[in-house]
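I have placed the structure first, in the form of structure tokens, so that the comments after it can refer back to it.
Read the figures in this text as sums done on the coordinates, not as results from a lab. Only a predicted model underlies this, so the values are computations on that prediction, with no experimental measurement involved. Don't worry about glycine lacking a Cβ; one is built from the backbone with ideal geometry, like all the others, and counts go over all protein chains shown.
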Amino acid sequence: MLISEMKEFATFDKATQRYIRRSLDVGFGRTDPIATWARDEIEAASITAQGRFYKQLEHLRVQIPDDSGLDMLEPFLGMLTTLAAFDLGQGRLNSFAAFRFLYERLLGASVRPWLPAAFCAAAALPHLHPDHRRELLQSISESAATAPGWSNREAVFWPEWVEKVDVAAA
């Protein structure tokens, strides 16, 4: 499974890969995300905003309802959709596959049944440019949107920032 997850990550463009790594750093406090990822003041502000949104992750992790947990649907799905809307609004997650890849790591395997709904809701919001909304909504396959069941296997590949190494010096 590790190899297939690595291959999937490799299919994402460089900007998407960078955003996923940055988001995991923000979500898990792995490094100082502004020092690691901000290339300018605009990106620093975006990372700061992302940190404010991602403070909800811990609460979301413990509130994930089971498949039939409709009693907890409103607070959970509302918060998940808000986070998804922020991430999709950054313009770096350009497909359901990239979104799913990130959120399976941020929230765990038990969130899988809820990802298509949160993705579609966030991708349809008016804060996104119509062309971007179309691209996002067309990226979710029928099989992903109508899956009869989801794996409970946790992700095994966790992309991290790797400092560039000077090959000549090594």
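Side notes on the structure shown:
- On Cα atoms only, tilt of 14-28 relative to the major axis of the chain in degrees: 80 degrees
- In a fully extended conformation the segment linking residue 36 and residue 121 would gain 27.5 nm over its present Cα-Cα distance, using 0.36 nm per residue.
- Among 90-99, 126-135, the order from most to least packed when residues are scored by Cβ within 10 Å on average: 90-99, 126-135
- Value at 222 nm in deg cm²/dmol, rounded to 500, when DSSP H runs of n ≥ 4 in the chain each add -39,500 (n - 2.57): -18000 deg cm²/dmol
- Short-range pairs are left out: with C-alpha atoms under 8 Å and at least six residues apart, the relative contact order of the chain is 25 percent.
- Centroid-to-centroid separation of the stretch 71-109 and the stretch 110-163 [C-alpha atoms, Å]: 7 Å
- Model label points for residue 1 and residue 15, set 7 angstrom from Cα along the Cα-to-Cβ axis, are 3.2 nm apart.
- Full extension of the segment from residue 134 to residue 66, taken as 0.36 nm per residue of separation minus the current Cα-Cα distance, would add 21.5 nm.
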